[in-house]
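Have a look at the structure below before the remarks.
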Amino acid sequence: MSGFEFTGLTASFGGERVIGPLSLRVKDGERVALVGKSGAGKSTLIKLIHERVDGHASLVPQDLGLVNALPVFHNVFMGQLDAHSAWYNTLTLIRPFRKDKDAVRQLLTELAMADKFWTPTASLSGGQRQRVAIARAIYRQSNLLLADEPISALDGPMAHLVMKALSQRFTTSVIALHDVDMALSYSTRVVGIQDGQIALDEASNRLTPADITPLY
């Protein structure tokens, strides 16, 4: 599964509706940038989509979901936990197989994190932690990526490196981005969220930053 279509998506917290009802269709091969100010509903929409695609997506949540007590290798390997048996995963926790170490090391090298292979995740900076979560999502090897502000703690060059890697690795993606220029550069379509509703839905090559900034 790569593309998807959902109708009537809604979410409420404390009796107050924060999303929808709205409908969203994403075709196979589309790279969608979700834009809008904080609190508009982008994170909630990503969670709703993830719940409905039944494990067929790689996810980079805003809280990253890392296990601080484990080193970088094991956090990345967690992207494929459901692809292996319980005994395999348990053995990997104690003594990882060479093929898994090689695959994770290659991926971390691509993300300029190879020197952190055995570093406890708790000791990493915010930007490094984001890259671990991104590596885990790539390692899962899904065709669909759902990511919530995956480059918020990265500087310009590193943010571009990560976005290029995600563009190359995933056929289809929905990525919440606060940076308008990055959203336009690395998407084929922009969906703007305002007060829990879709306020903008247009091909990226038809938009300028001035078309998007009113949403913030």
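Mind counting the residues in the range 144-191 that are outside any strand (DSSP E or B) and either assigned by TED's automatic domain parsing to the domain that holds Ala83 or among the charged types (D, E, K, R) (or both)? Give the steps one after another, and end with the answer.
In the first step, residues of the range 144-191 are kept if they are outside any strand (DSSP E or B); the result is 149-171, 177-188.
Among the residues that remain, those that are also either assigned by TED's automatic domain parsing to the domain that holds Ala83 or among the charged types (D, E, K, R) (or both) are: 149, 155, 164, 169, 179, 181.
Residues in the range 144-191 being outside any strand (DSSP E or B) and either assigned by TED's automatic domain parsing to the domain that holds Ala83 or among the charged types (D, E, K, R) (or both): 6 in total.
Please state which one of Thr213, Thr208 is surrounded by fewer than 14 Cβ atoms within 10 Å (Cβ to Cβ), more than 18 Å from the chain's Cα centre (by Cα), at pLDDT 95 or above and of a type in the set (Val, Ile, Thr).
Thr208
Kindly establish whether Gly29 is surrounded by fewer than 19 Cβ atoms within 10 Å (Cβ to Cβ), in the same structural domain as Ser173 (by TED's automatic domain parsing) and within 20 Å of Thr213 (Cβ to Cβ).
So Gly29 does not fit the description; no.
When the residues of the range 58-81 are filtered to those that are assigned to a loop (DSSP other than H, G, I, E, B) and of a type in the set (A, V, I, L, M), which remaining residue is surrounded by the fewest Cβ atoms within 10 Å (Cβ to Cβ)?
We begin by selecting, within the range 58-81, every residue assigned to a loop (DSSP other than H, G, I, E, B); these are 61-70.
Next cut, of a type in the set (A, V, I, L, M) only: 64, 66-67, 69-70.
On the way: Leu64: 18, Leu66: 21, Val67: 12, Ala69: 10, Leu70: 16.
Among them, the one singled out is Ala69.
Only one of Gly20, Gly3, Gly39, Gly15 is surrounded by fewer than 19 Cβ atoms within 10 Å (Cβ to Cβ) and closer than 18 Å to Leu146 by Cβ; which?
One residue alone meets the criteria, Gly3.
Quick one: in the range 90-117, of everything that is of a type in the set (Gly, Ala, Ser) and in contact (Cβ under 8 Å) with a residue 24 or more places away in the chain, which residue is surrounded by the most Cβ atoms within 10 Å (Cβ to Cβ)? Step through it out loud before you land on a result.
Taking the range 90-117 and keeping what is of a type in the set (Gly, Ala, Ser), we get 103, 112, 114.
Cutting the leftovers down to in contact (Cβ under 8 Å) with a residue 24 or more places away in the chain gives us 103, 112.
Numbers: Ala103: 16, Ala112: 14.
So, considering only residues that are of a type in the set (Gly, Ala, Ser) and in contact (Cβ under 8 Å) with a residue 24 or more places away in the chain, the one surrounded by the most Cβ atoms within 10 Å (Cβ to Cβ) is Ala103.
Those residues that are part of a loop (DSSP other than H, G, I, E, B), without any contact (Cβ under 8 Å) to a residue 60 or more places away in the chain and small (Gly, Ala, Ser), I need them from the range 118-143; list them, please.
From the range 118-143, those part of a loop (DSSP other than H, G, I, E, B) are 118-119, 124-125, 140-143; that's our starting set.
Adding the requirement that they be without any contact (Cβ under 8 Å) to a residue 60 or more places away in the chain leaves 118-119, 124-125.
Selection gives Ser125 alone.
If we scan the range 187-201, do we find a residue that is touching a residue at least 60 places away in the same chain (Cβ under 8 Å), out of contact with any Pro (no Cβ under 6 Å at 6 or more places or on another chain), under 28 Å from Pro71 (Cβ atoms) and not polar (S, T, N, Q)? Quick ask: steps written out before the conclusion?
Narrowing the range 187-201 to residues touching a residue at least 60 places away in the same chain (Cβ under 8 Å): 187-200.
Those still in the list that are out of contact with any Pro (no Cβ under 6 Å at 6 or more places or on another chain) too: 187-200.
From what's left, under 28 Å from Pro71 (Cβ atoms): none.
Scanning the range 187-201, I find no residue that is touching a residue at least 60 places away in the same chain (Cβ under 8 Å), out of contact with any Pro (no Cβ under 6 Å at 6 or more places or on another chain), under 28 Å from Pro71 (Cβ atoms) and not polar (S, T, N, Q), so the answer is no.
Within the range 1-55, take every residue that is of a type in the set (Gly, Ala, Ser) and touching a helix residue (DSSP H, G or I) at 6+ places or on another chain (Cβ under 7 Å) and give me the one that is farthest from Ala176 (Cα to Cα).
At the first step, the residues of the range 1-55 found to be of a type in the set (Gly, Ala, Ser) are 2-3, 8, 11-12, 14-15, 20, 23, 29, 33, 36, 38-41, 43, 55.
Still in the list and also touching a helix residue (DSSP H, G or I) at 6+ places or on another chain (Cβ under 7 Å): 11, 33, 36.
Values: Ala11: 17, Ala33: 6, Gly36: 9 Å.
The extreme case among them is Ala11.
Regarding the range 82-89, can at least one residue be identified that is surrounded by fewer than 21 Cβ atoms within 10 Å (Cβ to Cβ) and part of a loop (DSSP other than H, G, I, E, B)?
Scanning the range 82-89 turns up at least one residue that is surrounded by fewer than 21 Cβ atoms within 10 Å (Cβ to Cβ) and part of a loop (DSSP other than H, G, I, E, B).
Within the range 192-216, count every residue that is of a type in the set (Asp, Glu) and assigned to a loop (DSSP other than H, G, I, E, B).
Of the residues in that region, 1 qualify.
Leu34: assigned by TED's automatic domain parsing to the domain that holds Ala183, surrounded by 17 or more Cβ atoms within 10 Å (Cβ to Cβ) and farther than 22 Å from Arg131 by Cβ, yes or no?
Against the criterion (assigned by TED's automatic domain parsing to the domain that holds Ala183, surrounded by 17 or more Cβ atoms within 10 Å (Cβ to Cβ) and farther than 22 Å from Arg131 by Cβ), Leu34 does not qualify.
The values are calculated or read from the model by the stated rules, or taken from the named source; none is laboratory data. Remember, it's a predicted structure, so these values are computed and weren't measured experimentally. Positions of Cβ are backbone-derived with ideal geometry, glycine not excepted, and every protein chain shown enters the neighbour counts.
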